[in-house]
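Below: the structure, in structure tokens.
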Amino acid sequence: MIKDNKGQLSIEYLLIVFISILILIAITLPALEFGISNSMDMMNILKIKSEAVKITEAANNIYYNGIGSKKTVLADIPKDTTIHLNSKNAYFDYMLSDGDMKRIYLINKCPGLINTVALSKGTNKIVVEWSINSNKIEISLI
């Protein structure tokens, strides 16, 4: 009687290859998730920063146009955030996916502007106005 062990050897090789693939997946999956979450954070920060620049530019335009000026800005925000504006800069805080807080600053050239705007996720309609009865620029949500 002739014994053939070739089939047993093939199953062992398949098992070794399968375990190697599982180990490779276990190592690369967390690194991939880390990279994706960092990319999403940066994308959201850039989007919020872009929308905050729209608001600060609107405030600067209103300041240069003078009393009685009004401008409406649409801001599409990917995550709830609050933008703080003052006469030197504007900033917002962003909670990163790893739990750290990052503060992002923007330059603002509008003297006497002190305001805080809480924006919700999605499209926000913002009115920047320097009314005739006021001595400062007001920023509000509609």
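Give Asp41, Asp80 a once-over and let me know the one that is under 17 Å from the mean Cα position of the chain (by Cα), charged (D, E, K, R), buried (at least 18 other Cβ atoms within 10 Å of the Cβ) and closer than 30 Å to Pro30 by Cβ. Exactly one residue qualifies, and that residue is Asp41. The residue of region 37-60 that is nearest to Lys136 (Cα to Cα), among those that are among the polar types (S, T, N, Q) and without any contact (Cβ under 8 Å) to a residue 40 or more places away in the chain, is Ser50.
Here is a list: Phe34, Phe18. Which entry is free of Cβ contacts under 8 Å to residues at least 24 places away in the same chain, surrounded by fewer than 11 Cβ atoms within 10 Å (Cβ to Cβ) and over 24 Å from Lys125 (Cα atoms)?
Phe18
Just one of (1) within 24 Å of Glu129 (Cβ to Cβ); (2) free of Cβ contacts under 8 Å to residues at least 24 places away in the same chain fails for Asp93. It is (1).
Do we find that Lys70 is touching a Ser or Thr at 6+ places or on another chain (Cβ under 9 Å), among the basic types (Lys, Arg), surrounded by 12 or more Cβ atoms within 10 Å (Cβ to Cβ) and touching a residue at least 40 places away in the same chain (Cβ under 8 Å) in this structure? For Lys70, the condition - touching a Ser or Thr at 6+ places or on another chain (Cβ under 9 Å), among the basic types (Lys, Arg), surrounded by 12 or more Cβ atoms within 10 Å (Cβ to Cβ) and touching a residue at least 40 places away in the same chain (Cβ under 8 Å) - is met. Considering Ile21, Ile11, Ile104, the condition of being among the hydrophobic types (A, V, I, L, M, F, W, C) and outside any helix (DSSP H, G or I) is satisfied by Ile104 alone. Across region 102-142, the number of residues qualifying as surrounded by 11 or more Cβ atoms within 10 Å (Cβ to Cβ) and free of Cβ contacts under 8 Å to residues at least 24 places away in the same chain comes to 3. If you check Thr56, Thr82 for being in a strand (DSSP E or B), under 25 Å from Ser134 (Cβ atoms) and among the polar types (S, T, N, Q), only one passes: Thr82.
If I filter region 87-100 down to residues being surrounded by 15 or more Cβ atoms within 10 Å (Cβ to Cβ) and either out of contact with any helix residue (DSSP H, G or I) (no Cβ under 7 Å at 6 or more places or on another chain) or assigned to a loop (DSSP other than H, G, I, E, B) (or both), which single residue comes out as modelled with the highest pLDDT? The selected residue is Tyr91.
The numbered conditions (1) within 24 Å of the chain's Cα centre (by Cα); (2) farther than 30 Å from Pro111 by Cβ are all true for Ile48 except (2).
The values are calculated or read from the model by the stated rules, or taken from the named source; none is laboratory data. Being a predicted model, the structure only gives us computed values, none of them experimental. Positions of Cβ are backbone-derived with ideal geometry, glycine not excepted, and every protein chain shown enters the neighbour counts.
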